[in-house]
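Data block below; observations after.
We did not get these values from a lab; they are worked out from the coordinates using the rules stated. Source: prediction; values computed, not measured. Note that each Cβ is placed from the backbone with ideal geometry, even for glycine, and that neighbours are counted across all protein chains shown.
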Amino acid sequence: MTGADDWTSGTPALLLHTCADCSARWYVPRSRCPACGSPGVRALEPAGTGTTVAVTCLPGEGGEIRLALVDLDEEVRVLGRTVADVMPGDRVALSFPTTPPQPWFEPVTGEEL
Amino acid sequence: MTGWISGAAVTAFGRDPRHDAVGWQEEAAYAALADAGLDVAAVDGMLVGYATTLGHLMPADLLAQRLGVRPAVAFGVSSGGATGLTMVATASQLVASGAAERVLVVAGEDRRSGQSTQTSTEALAQVGHRELEVPLGATVPAYYALLASAYLHRHGLLPEKGLAPLAVQMRAHAGAHEGAHLRTPITIDDVLQSRRVADPLRLLDCCPVSDGGAAVVVTRTPAGPRAVRLAGTGQAHLHQHLCELDLDDTGARRSAAAALDEAGRTLAEVDLLGVYDSFTVTLAMLLEEIGVSAPGQAGADASAGRFDRTGPRPLNTHGGLLSYGHCGVAGGMAHLVEAVTQLRGEGGVRQVPGGPRLGLVHADGGILSAHASLVLEGAGA
């Protein structure tokens, strides 16, 4: 658990963090801002849409595991599971279809640009 | 001036259950001391890299006791694949400061024979984020596969052009070294047809897991005429986890530039390269960020023979991690030992023609997380 009320503790949510002083944003939990050192760290729930940076598929215990590295629209990079037809450059949206919840990224169709 | 590499040795790498981790360290340490013409009594500093099969709290004291060394300063070091070169950089600072005169830098591990492949994979996967990355099923090959996916996409490359030629070149070099783990020549097709590990990486895009050891002796003054001058060192540590890695600035350029600056040299002067190659994509990204290859061109440079022993930028002439093998910290030191061997003109059948004068050795640990670089000058450089 990261100590946050997010998917790592069983809640279907992914939480980013933002600095109240310098507006830096990041994913990895920290008690202070890595950019300016401020203790004013606040949770930020992202909109859930982003652009795929990279994908891979590897064998796992329960079958193949597909992973995607995604740049969320909040300009924070996160790792999640994904589906077969997602490629680098694709727009994707976050969901939590599994129990326990893990972040999944599926293709966005018909998104207004 | 930052010091001298007065002795250097690497054992054969491969599957060899003859030693445990400390046994490999002992064999490499005695070989490096013999190469330097020094007795154990001359050693007053000991730096020893971590071994995943050992997990000991104080590996330098453990090895010092085994060798009968009573150093003035001794400690273990842990910065992933960069450990070997960060130890040498630290050793150079110890001799420059006067804290020690002769520092024995050692690594060795029974990584192949001392644990199962699954245990090894699980141990290494912990360089991912414990809560946010590892639970998703990510492994070290998966992290590098994601880098490979991003790399190929950004440059519009296919694996056969962008990655596979690097594996083929490393294997060609290993064929000339009797100590290499994998020596049978391979082709681009062999790489493409090898087992899928994590798309787009295939088995031959990945280094093997080996047993072995390596050691060097760093001294304040040359212990003999074969000593190679350590002219510059550099490091960069910009992130640990994949999600905080900057694809355009992992730290490699900063690290290599710092080492070249300290040496008062430019990259154009470098005529011998030793660059960490845990995966083909590791090598491609490092070569391009350091500036050896243009963006997206590392594979093409390999195909054109630029990294061949007889080419303009001889690279990993021992075969690198991809073919000489990878036993952990010592795997990243093998590039250094090879560079010392080449700069001395002692490469034998694999000696770079014309006698290289200036070597750049670079290693990374984690997910291109920790970077360390050394600039080495041979006689007459």
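From least to most packed, judged by other beta carbons within 10 angstrom and beginning with the fewest, A:106, B:133, A:45 follow the order A:45, A:106, B:133. For residue A:6, the shell of other residues with beta-carbons less than 13 Å away shows a net charge of -3, using +1 for Lys and Arg and -1 for Asp and Glu.
Structure remark: mean-square fluctuation, Gaussian network model of chain B, C-alpha springs under 10 Å; the largest value among B:348, B:359, B:128 belongs to B:348. Using just the helices of chain B, give the 222 nm mean residue ellipticity in deg cm²/dmol: DSSP H runs with n ≥ 4 each add -39,500 (n - 2.57), and the total is spread over all residues, rounded to 500. Only helices count here, giving -10500 deg cm²/dmol. Counted over chain B, the DSSP beta bridges are approximately 70% antiparallel. The residues A:22, B:327, A:57, when put in order of fewest to most other Cβ atoms within 10 Å, stand as A:22, A:57, B:327. Note on residue A:83 and residue A:4: with the Förster distance fixed at 35 Å, the Cβ-Cβ geometry gives a FRET efficiency of about 0.85. Going by neighbour counts of Cβ atoms within 10 Å, the residues B:33, B:374, B:124 line up, fewest first, as B:124, B:33, B:374. With both labels modelled 7 Å from their Cα along Cα-to-Cβ, the residue B:189 to residue A:109 distance reads 4.0 nm.
Work out the mean other chain Cβ neighbour count within 10 Å for the residues of B:132-141 and drop it here as an integer.
Details: counts 12, 7, 1, 4, 11, 11, 5, 5, 0, 2.
Partner Cβ neighbours, averaged per residue: 6.
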